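Taking it in order: structure first as structure tokens, then the write-up.
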Amino acid sequence: MIRVNENYLKLKSSYLFSEIAQRVSVYQKANPEVQITRLGIGDVTRELPKACTEAFHKAVNEMSDIGTFRGYGPEQGYDFLREKVAQFDYQARNADISADEIFISDGAKCDTGNIQELFSNDITIAVPDPVYPVYVDTNVMAGRTSDFEDGRYGGLVYLECTEKNGFVPDLPKQKVDLIYLCFPNNPTGATISREQLKKWVDYAKKEKALILYDAAYVAFINDKSLPQSIYEIEGARDVAVEFRSYSKTCGFTGTRCAYTVIPKSCMVYDRNGNAYPLHGFWNRRHTTKFNGVSYPVQRAAEAIYIGDGPKQVQELIDYYMTNAKMIRDRMTLLGYVCTGGINSPYIWINTKTDSWEFFDTLLKKAHVVTTPGAGFGKCGNGYIRISAFNMHDKVEKALDAISAALK
Ligand code: MLT
């Protein structure tokens, strides 16, 4: 008899964004004449920057010529991309990261979901609440939690992020071994200061814990005083892994490219306290389970660092951030307290009511899809997230419809 991994029975039946898509599809089927504007899942709408498509085309041409064709590439990524990442995303900001500490992959979702495989099953894990559901669900699948009760999985330490703490979690009262942090935050759009991040790094050093730092939205930081990488903080190399993605930075949600940084000095321990570099374990996993990102995609990603690439990427970011400002300003004018939308493409709105109810009102009366905060955890109830990823005219139309619906 083939038996199921019973941890899957603990999961809510569908992934948050699949559930929303399902609800929207039911509504659309019943109301085919309605034009729905999607400001729910953070999926980009603008075309790839020209620098990326040119590099992409050129690389595809190389693949069609026997002299330049390539088969399997290095699982960790081509040096041309890893070197640019190290130079422009880290060394340029005085973060001491070298090319061989970077692992190119097909997504930060996959990497943040897969990395938990490397840790023991009896560790204590801290996750923010609200939280990007991947961090929680992958640990549920691996059996590190008990059942879902009263909006939470038993066995996890939930770090409450509320208006009171500016959606930046306080250090846990109990000792934890693995900490998930995400800044600029998904879903709240909150950011973390250097001083606040230093407290987490110091905590991790003291407890021999590990921080998984999801920086997928770093490109949206306008305030240059904010840290862009956890490695700008002294000591972080020894206790942190960082995840980044090209998805939102340059419109690669469908193209797929990301990377994970594991410094060689970052350690994990066995039951006797012996230390091992995490880098070697991730390398072992990556080379066993992954065959690398395609050559043309890596060339397209590389293009954002050279020639007109940086300027074109900035134009793309500015475009979405204009939407973010429009959303934040209008919702504030309507009397709602908003977080995010300044250094992040997400605006987190206190709805003063139940999240799903507010979601339904916006869907049915304004024909706008948002993301109910309750889907991100208990502390998310009473909030919705609006994404800035859409075209200006559609966002404007959606905001007019929201204004009318909420009158
Ligand atoms: C989101 O909307 O939270 C993101 O698009 C999800 C993701 O990047 O996987």
message = Name the residue that is surrounded by the fewest Cβ atoms within 10 Å (Cβ to Cβ), counting only residues in segment 362-407 that are under 30 Å from residue 126 (Cα atoms) and among the basic types (Lys, Arg).
response = 378
inquiry  = Contact list please: Cβ distance under 6 Å, first residue in segment 283-300 and among the hydrophobic types (A, V, I, L, M, F, W, C) and part of a loop (DSSP other than H, G, I, E, B), second residue open to solvent by 30 Å² or more (accessible area, probe 1.4 Å) and at pLDDT 95 or above, pairs at least six apart or on different chains.
reply    = 290/75; 293/106
query = What number of residues in segment 222-232 are part of a loop (DSSP other than H, G, I, E, B) and open to solvent by 10 Å² or more (accessible area, probe 1.4 Å)?
reply = 6
message = Please determine whether any residue of segment 323-345 is in contact with a His (Cβ under 8 Å, 6 or more places away or on another chain) and crowded, with 24+ Cβ neighbours inside 10 Å.
response = yes
remark   = residue 109 fails exactly one of (1) open to solvent by less than 40 Å² (accessible area, probe 1.4 Å); (2) within 16 Å of the ligand (Cβ to nearest atom); (3) touching a helix residue (DSSP H, G or I) at 6+ places or on another chain (Cβ under 6 Å), namely (1)
query = For segment 44-60, does any single residue satisfy the condition of being within 16 Å of the ligand (Cβ to nearest atom) and not hydrophobic (A, V, I, L, M, F, W, C)?
reply = yes
ask   = Taking into account only those residues within segment 33-79 that are among the aromatic types (Phe, Trp, Tyr) and surrounded by 14 or more Cβ atoms within 10 Å (Cβ to Cβ), which is nearest to residue 297 (Cα to Cα)?
value = 56
Near pairs, Cβ below 8 angstrom, 6+ apart or cross-chain, from segment 12-26 (without any contact (Cβ under 8 Å) to a residue 60 or more places away in the chain) to any residue that is more than 15 Å from the ligand (Cβ to nearest atom) and open to solvent by 60 Å² or more (accessible area, probe 1.4 Å) = 14/22
task = Could you list, in sequence order, all residues of segment 353-382 that are at positive phi and either at pLDDT below 95 or within 15 Å of the ligand (Cβ to nearest atom) (or both)?
result = 377
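The values are calculated or read from the model by the stated rules, or taken from the named source; none is laboratory data. Here the structure is a predicted model, which is why all the values come from computation and not from measurement. Note that we place each Cβ from the backbone using ideal geometry, even for glycine, and neighbour counts take in every protein chain shown. The accessibility values were calculated without ligands, DNA or RNA, using every heavy atom of the protein model including side chains. Shrake-Rupley method; radii C 1.70, N 1.55, O 1.52, S 1.80 Å.
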